[in-house]
1. Determine whether residue 146 is touching a helix residue (DSSP H, G or I) at 6+ places or on another chain (Cβ under 9 Å), open to solvent by 60 Å² or more (accessible area, probe 1.4 Å) and not in a loop (DSSP other than H, G, I, E, B).
2. Any residue at all in the range 116-134 that is free of Cβ contacts under 8 Å to residues at least 12 places away in the same chain, over 17 Å from residue 72 (Cα atoms) and not acidic (Asp, Glu)?
3. Check the range 38-51 and report whether any residue there is within 30 Å of the chain's Cα centre (by Cα), closer than 15 Å to residue 117 by Cβ and open to solvent by 30 Å² or more (accessible area, probe 1.4 Å).
4. Among the residues of the range 283-300, write down those that are of a type in the set (A, V, I, L, M), closer than 19 Å to residue 267 by Cα and in contact with a helix residue (DSSP H, G or I) (Cβ under 7 Å, 6 or more places away or on another chain).
5. If we keep just the residues of the range 262-300 that are charged (D, E, K, R) and open to solvent by 30 Å² or more (accessible area, probe 1.4 Å), which is modelled with the lowest pLDDT?
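The values are calculated or read from the model by the stated rules, or taken from the named source; none is laboratory data. Keep in mind the model is a prediction, meaning the values are calculated, not measured. Reconstructed Cβ throughout: ideal geometry from the backbone, glycine too, with neighbour counts over all protein chains shown. Protein only, heavy atoms only, side chains kept; ligands, DNA and RNA dropped before computing areas. Shrake-Rupley method; radii C 1.70, N 1.55, O 1.52, S 1.80 Å.
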Amino acid sequence: MPSAEERAALAEENAHQEPGADPRLRLLGAYVAQSLRPAAGAWERCAGTAEAEQLFHAFLDRNATEGPRPLLVVRPEPGGLAVQPGLDAGPPESSTPRAKGLFFLRTRPEPPGPSSLRGAVLCGDVPVAPLEHLAALFSEVVIPVLANEKNHLDWPHVVCQDVQQHAHSLQCDLLVILEQVRGKTLLPLPVGSEKMEFVDSKSETLLDSTDKSVIYAIESAVIQWSHQVQVVLKRESSQPLLQGDNPTPKVELEFWKRRSEDLEYIYNQLRTIKVRGMVGLLDKLQSSYFPAFQAMFRDVAAGEEQQEQAAILCSLCISTAL
């Protein structure tokens, strides 16, 4: 399989052999042909639409001195090729699975020249679901590499700990966003939670044997979880009306169904062995965050009960209306 440099050279060589108005557009098309191998004429039809022309003009001609560098993504679609000005999380669950895409990223503020894109435009493959790909990369590559002590023998302990915490925080943020895309609320576990399954909350030496940073991480997690739970509980089915839409009864039912599934997902997370170990530790240490956790758990349980009642009433009202 050719390298990125070989593909770039081959794409530019092919582009110079094709006539056209803007040589830079021909270069982009040559990259697309080499990477995605679309059907004959697919690139020309895609680039000829009014929407695509605006995107290409903004990408190739706009000065990017301020703000983010211009980005274009080309993806195969059932009808040919589609161009979009950025990444998305991935295809909806109900849609047909799609193939990989191709991204173009401007690396310089000034527009690229007409003869070559090398050095001015970065090109690469885009996976079907970029967020899932990035989350897997962190879980299976970055985190294990950083967790291996042999990889940072010469690092100061403070630097090593700080890097690992930032990597863990980014991994948690990615996982939370992935679940949000699916309509679920993930409560990220703090660093050190993997040891909570084996904690004896009745031990008399628990306070002396527990790292203070772990206690701080657990208390910080309780604060974050409380905020996440409140966001879910404060959602209202009337939001579409306030935004000027006219939702149907089916939309109302879908709202309560999603809310019920999300609350059940949160409840199950709060009942896991790791979380119970963390809560037992807070209780044993008489932490001021233990009552906060109890209140949050009661709110989730009460929300589930209200959810069932609201869903029943909703169904009855819709049945009566029909």
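1. no
2. Scanning the range 116-134, I find at least one residue that is free of Cβ contacts under 8 Å to residues at least 12 places away in the same chain, over 17 Å from residue 72 (Cα atoms) and not acidic (Asp, Glu), so the answer is yes.
3. Looking through the range 38-51, none of the residues is within 30 Å of the chain's Cα centre (by Cα), closer than 15 Å to residue 117 by Cβ and open to solvent by 30 Å² or more (accessible area, probe 1.4 Å).
4. Of all residues in the range 283-300, those of a type in the set (A, V, I, L, M) come to 285, 292, 295-296, 300.
Keeping just the survivors that are closer than 19 Å to residue 267 by Cα gives 292, 295-296, 300.
Of everything in the range 283-300, those that are of a type in the set (A, V, I, L, M), closer than 19 Å to residue 267 by Cα and in contact with a helix residue (DSSP H, G or I) (Cβ under 7 Å, 6 or more places away or on another chain) turn out to be 292, 296, 300.
5. Among residues in the range 262-300 that are charged (D, E, K, R) and open to solvent by 30 Å² or more (accessible area, probe 1.4 Å), the one modelled with the lowest pLDDT is 284.
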